Amino acid sequence: MIALRALPGAPLYDGDDQRIIDAALSDLDHYKRAGVDAVLLENDFDLPYAKGPMSPEAVKVAKEVCDAVRAEWSGPMGLQFLEAANEDALVVANDCGLDFIRVEGFVYAHVGGAGFIDACAGSLLRKRAELGCTHIRVFPDINKKHCAHAMTADLDIALEARQAELFMADGLVVTGKFTGESADTSDLEMVRKATTLPILIGSGMTPENVDQMVPMADAFIVGSTFRNDGQYLEKLNPGRLQRFVDAFNAARS
């Protein structure tokens, strides 16, 4: 995960667009040295998150960052825009030659930190067809973290997985309840039995649990673990990064 510094319009935005680009390229340099497989950009510093669509100014700077990272990274690369600005992310991904997006609210509705998030699968995949970029993979979170799911309390995660597969997701992201919390192994087992789609673990990966988690999923989105004290928005720590990558490579081999 490359955590983008605050974009225009966000309370933490400091007006220095070059600093946003430089910070992303600094993270990328550490990731390249460590030998990661893929990178995912996310507007993590845009706290408190607001429901999409994003402002044109924020999209413009995010596109500049993606272009800069894409120029230095030839491997798989994705994008997520919080909160649930999924069509904006798709447009930028298409413009910048990215490979996938991570999506909130793909099927069913939930209440997130920014309010009610409606399902987007129908409109998002129609937008993907309109843009002619069906090669861009869509990986939605199911039973998403940081959210209330009382409206769908009669659905277990396996039923959400089946619905997302029916609605043509390319893979499914399973997380804990909060950033940094590990995905529940019973959730992962239920999703694996319910669908043939690839499973991505989207939170809580650490050197301590990597042996347990690697056999349970196909891909792993990791961010906080790499940062000072394992904290969400702290500076990337090369030592912590390398420790995790070494443990991960040992586990998957």
Query raised in the report: Taking a point 7 angstrom from the Cα of ALA71 along the C-beta vector, which residues in the stretch 17-46 have backbone N less than 13 Å away?
Result: 18, 21-22, 25
**Report entry** Residue exposure sequence - HIS30, HIS135 - by fewest surrounding Cβ within 10 Å
**Finding:** HIS135, HIS30
Query - Full-extension gain in nm, LYS177 to SER26, via 0.36 nm per residue minus C-alpha separation - result: 51.4 nm
Query raised in the report: In terms of modelled amide H atoms, which long-range or inter-chain residues lie less than 5 Å from the amide H of VAL103?
Result: PHE139, ASP141
Query raised in the report: Bin by bin, in steps of 10 Å, what percent of the Cα pairs in the chain do you find, going until the bin that has the longest distance?
Result: 7, 32, 39, 20, 2
Query raised in the report: For the stretch 120-128, in order, what is each residue's ³J(HN,Hα) by Karplus, 6.51 cos²θ - 1.76 cosθ + 1.60 with θ = phi - 60°, in whole Hz (x at glycine and Pro)?
Result: 10, 3, x, 6, 5, 6, 5, 5, 4
Query raised in the report: Across the stretch 55-67, in residue order, what do the Karplus-derived ³J(HN,Hα) couplings come to in whole Hz, using 6.51 cos²θ - 1.76 cosθ + 1.60 with θ = phi - 60° and x for Gly and Pro?
Result: 5, x, 5, 5, 4, 4, 5, 4, 5, 4, 5, 4, 4
Query raised in the report: Can you run phi through the Karplus equation (6.51, -1.76, 1.60; θ = phi - 60°) for the stretch 189-199 and list ³J(HN,Hα) in whole Hz, with x for Gly and Pro?
Result: 5, 5, 5, 4, 6, 8, 8, 9, 5, x, 10
Requested in this report: Could you check the simple spin-label distance between LYS193 and LYS127, using points 7 Å along Cα→Cβ, in nm with one decimal?
Outcome: 3.6
Query raised in the report: Using a cut-off of 20 Å between alpha-carbon atoms, which aspartates and glutamates can reach LYS51, once sequence neighbours fewer than 8 places away in the same chain are excluded?
Result: GLU42, GLU83, GLU87, ASP88, GLU104, ASP118, ASP141
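Taking the Cα centre of the stretch 2-252 as origin, sum charge times position over the Cβ atoms of Lys and Arg (+1) and Asp and Glu (-1), and report the length of that vector in debye to the nearest 20.
280
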Requested in this report: Report the relative contact order of the chain, percent, no decimals, based on alpha-carbon pairs under 8 angstrom and at least 6 residues apart.
Outcome: 14
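Kindly work out what percent of the DSSP beta bridges joining two residues of the chain are antiparallel, to the nearest 5.
Details: 5 of 23 bridges.
Close to 20 percent.
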Query raised in the report: Where does each of 38-44, 49-55 land if you order them by average Cβ count within 10 Å, highest first?
Result: 38-44, 49-55
Query raised in the report: Between ASP99 and ASP246, what is the label-to-label distance in nm when each label sits 7 Å out along the Cα-to-Cβ direction?
Result: 2.6
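Rule-based calculations on the coordinates, nothing more; no lab input. As the structure is a prediction and not an experimental result, all values here were calculated from the model. Here the Cβ is made from the backbone with ideal geometry for all residues, glycine too, and neighbour counts use every protein chain on show.
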